[in-house]
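Chemist: First the structure, which I've put down as structure tokens, then a few questions once you've had a look.
The values are calculated or read from the model by the stated rules, or taken from the named source; none is laboratory data. If you're wondering where the values come from, they're calculated on a predicted model, not measured in any experiment. All Cβ positions, glycine included, derive from the backbone under ideal geometry; neighbour counts span all protein chains shown. Accessible surface areas use protein heavy atoms only, side chains included; no ligands, DNA or RNA. Shrake-Rupley method; radii C 1.70, N 1.55, O 1.52, S 1.80 Å.
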Amino acid sequence: MWKSEGISLPKDMHELQSQLKAIMYTMNSKSKLADIMSTPVGQYLDGHPFFALALLVFGAMATVPVGLFLTFAIVTFVTASVGFIFLQGFLLSLGGIVLLCVLCGLAIIAFAVSAIFSAFYITASNVLDYYYSHRSAYMKQNIIRSHPSCESDASSCPNPGFQKQKGQ
């Protein structure tokens with residue numbers, strides 16, 4: 001339909017066609033593109049230019065949704081990670097506060113129990129001292145009454161505890 005049918009192309013069309021041929025030659029001469037075009041897929045796309053163009057348009061148009069999805073995934077991951085770190089920090093802080101409260105409560109309880117045991121010990125010690133001091137005085141009086149010689153000579157007394165008390 002072009003020159004073979006007698007219709008001449010305008011000069012601008014010839015220039016455009018020569019530029020496109022130069023671009024195709026440059027693209028085909030690149031080693032990576034030549035490697036791809038030597039594969040069966042590349043040969044199929046070279047033989048079916050409409051399908052190659054459709055694939056190129058699809059790839060170009062797919063970059064925007066894929067890029068948006070990857071951006072969404074990365075932002076979601078970063079947000080979840082930061083949220084997890086904040087949640088962990090909050091939970092550790094809460095646990096530390098609870099531990100501090102429990103330890104303070106235990107310290108107060110330990111102090112109270114210690115005070116109660118100390119009061120009980122002091123009271124029991126004083127009661128026992130009072131009881132045994134009256135008992136020893138009572139025993140001393142009974143020994144002196146039953147053995148009048150113990151008053152003057154403690155060595156002849158049958159109660160050795162009396163001897164120690166008398167010597168003091």
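Chemist: Criterion first (out of contact with any helix residue (DSSP H, G or I) (no Cβ under 9 Å at 6 or more places or on another chain), open to solvent by 80 Å² or more (accessible area, probe 1.4 Å), aromatic (Phe, Trp, Tyr) and without any contact (Cβ under 8 Å) to a residue 40 or more places away in the chain) does residue 51 satisfy it?
Modeler: Details: out of contact with any helix residue (DSSP H, G or I) (no Cβ under 9 Å at 6 or more places or on another chain): no; open to solvent by 80 Å² or more (accessible area, probe 1.4 Å): yes; aromatic (Phe, Trp, Tyr): yes; without any contact (Cβ under 8 Å) to a residue 40 or more places away in the chain: yes.
Judged against the criteria, residue 51 is not a match.
Chemist: Applying the selection to the range 26-48, what residues are open to solvent by 60 Å² or more (accessible area, probe 1.4 Å) and in a loop (DSSP other than H, G, I, E, B)?
Modeler: 30, 38, 48
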